[in-house]
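Derivation of every value follows stated rules applied to the coordinates shown; laboratory data play no part. What you see is a predicted model; the values in this text were computed from it and never measured. Reconstructed Cβ throughout: ideal geometry from the backbone, glycine too, with neighbour counts over all protein chains shown.
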Amino acid sequence: MKYMIMLYGSQQDYDVLAGRPGGGPVWSADDVAAMHAFMAEWNDDLVKSGEFVDAQGLTAPVHARRIRLREGVPVVTDGPYAETEEVLAGYTIVECDGFDRATEIAARLARTPHPQGAAQAHEWYVDVRPIAGSPAELEL
Amino acid sequence: MTTPGEQTEDLLRRLAPRVLGAVVRRYGHFDTAEDAVQEALLAAAGRWPRDGLPDNPLGWLVTVAGRRLTDLLRAEQARRGREDVAGRRAIAEWRLAPAADLSAAGADDTLILLFLCCHPALPPASQIALTLRAVGGLTTAQIARAFLAPEATMTRRITRAKQRIRDSGVPFGMPASADRAARLRAVLHVLYLVFTEGYAGETWPLREDLTTEAIRLARIVHRLLPDDGEAAGLLALMLLTEARRAARTAPDGTPIPMAEQDRALWDAARIAEGVALVDAALSRGAPGPYQIQAAIAALHDEAPSAEATDWPQIAALYAVLSGMSDNPVTALNHAVAVAMSRGPRAGLDLLGGLEGDERLARDHRLPAVRAHLLELAGERAAAREAYLAAARRAASLPRRRYLNARAARLDDDP
């Protein structure tokens, strides 16, 4: 059974992580390195256990494009999100024994280190969703 | 110390295109032959480190791949449930095939394979994947890892590429001489793309394996076509760029601009080899774009410091390169070189001409270069704004952090 573990962030979160001056405290190089090391270990554990399928990080929300229909014609908007709107920032797909194991994997991310000063604007969370079409879906 | 496994892998990677060339020459069926050769390589990778090398590794691989091809063709034939003339022919030829001198055709075969894999009927992503597998001897899993793509995606890409080659009906042979120059340009471009892909991420994980492989393949092409200036130029460009790798990023992945790099970390052996190649190529006259870019890289690599760099010469070479192709990144580099040789204002004037260029509209490089030149010109507030704009446009975290840090530096003092 496959599950997608999804992480979220706003443009503001991306900017704080990238050290954009002008706002409040930002992440230092050491903070970023600690976060990367933690994520790499989390990822490597999944590769070693054979549960890893795929993972991708997404660029900042300002790079997003939205395509909408306007009177039947597709119209493209660049950067459609508000600064503080939380959107998908990255995902990891795992193949493992059931929803509980996937939840356990995702919950380990709660220990991701982050700097004390750079308080998160939002409550921390991560989502896990079963991927449709897996064989185990039939047993639900 | 290399392990027996690594030694075997090196040998197999070198033999891969020659085995494939020999098998395709005897039996045809490029697409199925390529699968058969991969299986033979895998079998050897498992067996040789354990049992030792066979007396004639190349012959061993050709034999095993040939048998495997026969099996695959038989299975295909059975699956189709009808007579397959080609399959029977292959089996018959296998029995009759003489013990040919494999090495004589080896060099030509590698070139023919390169031309085939970089066939204009294929999209660039497929040309790259097929070249790395058929000529580079990499497994699909290795290629997928290098390009951060799922293995299933890469398998389909390679399979579809081989089908297209089969369907196009191109024979296994050198392209007609009238096409040779254009086809060679395509081959060099594919190797260039493999190389630049190794730098594309700018972040963890560094894909040094791709640059190493691109250099290995460029070396093979240069060895096969020693008189081709652009083949030499491309190899020189790769070596002269790769020479700076260790100095390009801080341990945390932050990019370090060339002016601030520790030049003691630059690889003197690669620089010497690259400079010798480009000097020899340029002496033949009528240089192409790879030779010009290599000449620019050589001027950077030989300079003791950013200040002591021959900027007027670099600006002149970028002007020549701009005349060869309409590439906005070349124009950006030209503006930087002009700024370094004639002052930031002259560079900023050149940037003005790029403002409306759609190709740069979403790229961080135009505002990043403008920020740098504005900073040199002492316009701190405007430089800060340009750095912030560039940071928003950059995709990778290390680059965004770098550009934001440059902006922050202009914050504190007047």
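Values for this structure:
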quantity: Degrees between helix B:85-96 axis and first principal axis of chain B (Cα, 0 to 90, nearest 10); calculated: 80
quantity: Choice from B:115, B:172, B:195 with maximal GNM fluctuation in chain B (Cα, 10 Å cutoff); calculated: B:172
quantity: Normalised alpha carbon radius of gyration of the range A:1-99 [divisor 2.2 N^0.38 Å]; calculated: 1.36
quantity: √(5λ) per eigenvalue of the Cα gyration tensor, the protein assembly as shown, largest first, Å; calculated: 44, 34, 22
quantity: Mean Cα-pair separation over length for chain B, i.e. relative contact order, pairs under 8 Å, 6 or more apart, %; calculated: 10
quantity: Distance (nanometres) between label positions extended 7 Å along Cα→Cβ at residue A:110 and residue A:91; calculated: 2.4
quantity: Computed lengthening from residue A:70 to residue A:122, 0.36 nm per intervening residue step minus Cα-Cα distance; calculated: 15.4 nm
quantity: Helix B:268-282 vs. chain B, principal-axis angle (Cα, 0 to 90°, nearest 10); calculated: 80
quantity: Cα→Cβ-extended label distance, 7 Å offset, between residue B:250 and residue B:55, nm; calculated: 6.1
quantity: Cα pair distances of chain B binned at 10 Å [whole percent]; calculated: 4, 18, 27, 23, 14, 9, 4, 1, 0
quantity: Contact order relative to length of chain A, as percent, for alpha carbon pairs under 8 angstrom and 6 or more apart; calculated: 44
